[in-house]
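Q: This structure is in structure tokens; I'll ask about it shortly.
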Amino acid sequence: MSNDLGRLEDLPIDYRDQLTSENLVPLWPSLRGVLPPHVPTRKTQPTHWAYQAIKPLLLRAGDLTPIEKAERRVLVLANPGHGLEKMQASAAIYLGMQLLLPGEWAPSHRHTPNAVRMIVEGEGAYTTVDGQKCPMSRGDLILTPTGLWHEHGHDGTDPVIWLDVLDLPLVYYMETSYHVNGERQQVQPGRGERAYGRGGVVPTQVFQRSGKRYPMLRYPWVEARAALEAMAADEPALECVQVTYVNPETGEDAENILGYYALMLRPGQTLKLPARSPACVFHQIEGRAQVQVSGSDFTLEAADTCCAPGYEAVTLRNLSADQPAFLFMADESPLHRKLGVYEVRA
Ligand code: 1HN
């Protein structure tokens, strides 16, 4: 097959003008661009966002912009490879750091993109999702899946900050992104959600299925951390000490498009992750780690975040010789699997 396809400039100008006026475009000058050999073209650049840099700017946003003027007071972690104005960390992943001050309320709405929040700092805030009040503590993961009402409140005394992860870039690209505003939700006491908080047992559905697509909305960090520590202790030879956040009724990914995971690096451990098609995001929950990906070398301090493009191997190294390091990960693998494009490259 020829690597030397005809260029646009090779065509007579009158022919090109006629094509344009009929809304027609020749494929061959662009064919290698849209279908490059062996490895896709990726705009996603390895990018690191230091919490130390974000936090003071976010607190200043708290002074500059009242919550009523922001609805959601967020600084977006934008990948320069996509252009900052696109507000993308990768092709399908949006990341933002959100600040809620004591007494503030971020009003109820629902939208088509799926979201999760990973709590970074502070106590006393909560998200109400589909009538369920979900308290926020460091490391907790709270789902706000597509279509579910959600709002944030804060009864504590200090600022609360969390990382939002959404599939907004994909949903927007599909021309399916919109929101609806709503009234303050009635908190529904005890719908039994807490029964899902224990690994291995779920409520028996004797008379009918729960009917809930999202039975579990809050994944407490104490539980995920305990699972990782137990795995590490019980399987000393296990290389990748990682758990996946799943729907406890089906075992499927917690949400439809992005995947969420927690990972433990043993003291001094170096973990080489193979090149896989999905882009991914790392957020340091505890400890410090080095992240190497396609020529970039980041040090993740606690609460730092970085992203890695797809089709690149990633090396993670725990920078402590005597303490474990814990990371939250998000990636595009549920999307890639559903689309049939998921790959692991040896
Ligand atoms: C959103 O609804 C939240 O509810 C946060 O906290 C970030 C970014 C884009 C679109 C919707 C929230 C968002 C968002």
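Q: Can you pull out the residues in the range 116-148 that are within 10 Å of the ligand (Cβ to nearest atom) and either on the phi > 0 side of the Ramachandran plot or touching an Asp or Glu at 6+ places or on another chain (Cβ under 6 Å) (or both)?
A: Result: ARG117, single match.
Q: Taking the condition of being surrounded by fewer than 24 Cβ atoms within 10 Å (Cβ to Cβ) and near the ligand (Cβ under 10 Å from one of its atoms), how many residues in the range 150-162 meet it?
A: Result for the range 150-162: 1.
Q: Can I ask one more? Taking the range 175-197, which residues are in contact (Cβ under 8 Å) with a residue 40 or more places away in the chain, over 26 Å from SER90 (Cα atoms) and not aliphatic (A, V, I, L, M)? Let's see the steps before the verdict.
A: Narrowing the range 175-197 to residues in contact (Cβ under 8 Å) with a residue 40 or more places away in the chain: 176-188, 191, 193, 196.
Checking which are over 26 Å from SER90 (Cα atoms) leaves us with 181-188, 191, 193, 196.
Matches in the range 175-197: ASN181, GLY182, GLU183, ARG184, GLN185, GLN186, GLN188, ARG191, GLU193, TYR196.
Q: Sort out which residues of the range 307-346 are assigned to a loop (DSSP other than H, G, I, E, B) and surrounded by 21 or more Cβ atoms within 10 Å (Cβ to Cβ), and write them in order of number.
A: Here is the first cut: in the range 307-346, the residues assigned to a loop (DSSP other than H, G, I, E, B) are 309-311, 319-324, 332, 340-343, 346.
If the condition is that a residue be assigned to a loop (DSSP other than H, G, I, E, B) and surrounded by 21 or more Cβ atoms within 10 Å (Cβ to Cβ), then PRO309, GLY310, GLU332 are the ones that fit.
Q: Next question, about the same structure. Could you please let me know if MET216 is under 15 Å from GLN132 (Cβ atoms) and either aliphatic (A, V, I, L, M) or outside any loop (DSSP other than H, G, I, E, B) (or both)?
A: Details: under 15 Å from GLN132 (Cβ atoms): yes; either aliphatic (A, V, I, L, M) or outside any loop (DSSP other than H, G, I, E, B) (or both): yes.
Considered against the rule, which asks whether it is under 15 Å from GLN132 (Cβ atoms) and either aliphatic (A, V, I, L, M) or outside any loop (DSSP other than H, G, I, E, B) (or both), MET216 comes out as yes.
Q: Looking at TYR126, TYR172, which is the one that is touching a residue at least 12 places away in the same chain (Cβ under 8 Å), over 20 Å from GLU223 (Cβ atoms) and of a type in the set (Ser, Thr, Tyr)?
A: TYR172
Q: Filter the strands (runs of 3 or more DSSP E) completely within the range 7-116 down to those with at least 1 residues that are touching a residue at least 24 places away in the same chain (Cβ under 8 Å) and more than 26 Å from ALA330 (Cβ to Cβ).
A: So the answer is 105-111.
Q: Provide a single number: the residues in the range 108-150 that are over 16 Å from LEU163 (Cβ atoms) and in contact with a helix residue (DSSP H, G or I) (Cβ under 9 Å, 6 or more places away or on another chain).
A: At the first step, the residues of the range 108-150 found to be over 16 Å from LEU163 (Cβ atoms) are 108-112, 123-124, 126, 128-133, 135, 145-149.
Retained after the next criterion (residues that are in contact with a helix residue (DSSP H, G or I) (Cβ under 9 Å, 6 or more places away or on another chain)): 111-112, 132, 146.
Summing the residues that are over 16 Å from LEU163 (Cβ atoms) and in contact with a helix residue (DSSP H, G or I) (Cβ under 9 Å, 6 or more places away or on another chain) in the range 108-150 gives 4.
Q: Moving on. What about LYS43, is it of a type in the set (D, E, K, R) and either over 16 Å from ASP164 (Cα atoms) or more than 35 Å from the chain's Cα centre (by Cα) (or both)?
A: Numbers: of a type in the set (D, E, K, R): yes; either over 16 Å from ASP164 (Cα atoms) or more than 35 Å from the chain's Cα centre (by Cα) (or both): yes.
So LYS43 passes the test.
Q: Looking only at the range 51-77, which residues are within 12 Å of the ligand (Cβ to nearest atom), in contact with a Ser or Thr (Cβ under 9 Å, 6 or more places away or on another chain) and hydrophobic (A, V, I, L, M, F, W, C)? Quick ask: steps written out before the conclusion?
A: Taking the range 51-77 as the starting set, the residues that turn out to be within 12 Å of the ligand (Cβ to nearest atom) are 67, 70-77.
Imposing the further condition that a residue be in contact with a Ser or Thr (Cβ under 9 Å, 6 or more places away or on another chain) reduces the set to 73, 77.
If the condition is that a residue be within 12 Å of the ligand (Cβ to nearest atom), in contact with a Ser or Thr (Cβ under 9 Å, 6 or more places away or on another chain) and hydrophobic (A, V, I, L, M, F, W, C), then LEU77 is the only one that fits.
Q: Kindly provide the set of residues from the range 253-307 that are charged (D, E, K, R), over 24 Å from GLN52 (Cβ atoms) and more than 17 Å from the chain's Cα centre (by Cα), ordered by number. Reasoning before the result, please.
A: Applying the first criterion (charged (D, E, K, R)) to the range 253-307 yields 253, 255, 266, 272, 276, 286, 288, 297, 301, 304.
So of that shortlist, the ones also over 24 Å from GLN52 (Cβ atoms) come out as 253, 255, 266, 272, 276.
Passing the criteria: ARG266, LYS272.
Q: While we're here: Checking the structure you have, find out if any residue of the range 226-237 is among the small types (Gly, Ala, Ser), more than 18 Å from ALA115 (Cβ to Cβ), in contact (Cβ under 8 Å) with a residue 60 or more places away in the chain and part of a helix (DSSP H, G or I).
A: To start, the set of residues in the range 226-237 that are among the small types (Gly, Ala, Ser) comprises 226-227, 230, 232-233, 237.
Then drop every residue that is not more than 18 Å from ALA115 (Cβ to Cβ), which leaves 226-227, 230, 232-233, 237.
Going one step further and asking which of them are in contact (Cβ under 8 Å) with a residue 60 or more places away in the chain, we end up with 232.
Checking the rest, the ones that are also part of a helix (DSSP H, G or I) come to 232.
Yes; the residues of the range 226-237 include at least one that is among the small types (Gly, Ala, Ser), more than 18 Å from ALA115 (Cβ to Cβ), in contact (Cβ under 8 Å) with a residue 60 or more places away in the chain and part of a helix (DSSP H, G or I).
Q: Out of curiosity, is TYR214 surrounded by 19 or more Cβ atoms within 10 Å (Cβ to Cβ) and at pLDDT below 95?
A: Values: surrounded by 19 or more Cβ atoms within 10 Å (Cβ to Cβ): yes; at pLDDT below 95: yes.
Judged against the criteria, TYR214 is a match.
Q: Would you call LEU27 under 20 Å from the mean Cα position of the chain (by Cα) and either surrounded by fewer than 10 Cβ atoms within 10 Å (Cβ to Cβ) or under 17 Å from ASP164 (Cβ atoms) (or both)?
A: Numbers: under 20 Å from the mean Cα position of the chain (by Cα): no; either surrounded by fewer than 10 Cβ atoms within 10 Å (Cβ to Cβ) or under 17 Å from ASP164 (Cβ atoms) (or both): yes.
In short, no.
Q: Take GLU175 and tell me if it is out of contact with any Asp or Glu (no Cβ under 7 Å at 6 or more places or on another chain), exposed (fewer than 13 other Cβ atoms within 10 Å of the Cβ) and among the charged types (D, E, K, R).
A: Details: out of contact with any Asp or Glu (no Cβ under 7 Å at 6 or more places or on another chain): yes; exposed (fewer than 13 other Cβ atoms within 10 Å of the Cβ): yes; among the charged types (D, E, K, R): yes.
Spelling it out, GLU175 is indeed out of contact with any Asp or Glu (no Cβ under 7 Å at 6 or more places or on another chain), exposed (fewer than 13 other Cβ atoms within 10 Å of the Cβ) and among the charged types (D, E, K, R).
Q: Just one of the numbered conditions (1) β-branched (Val, Ile, Thr); (2) within 16 Å of the ligand (Cβ to nearest atom); (3) surrounded by 16 or more Cβ atoms within 10 Å (Cβ to Cβ) is not true of THR47; which one?
A: So THR47 meets the others, but not (2).
The values are calculated or read from the model by the stated rules, or taken from the named source; none is laboratory data. Treat the numbers as computed from the prediction; the structure is a model and nothing was measured. Because the Cβ atoms are built from the backbone with ideal geometry, glycine has one as well, and the counts that use them run over all protein chains shown.
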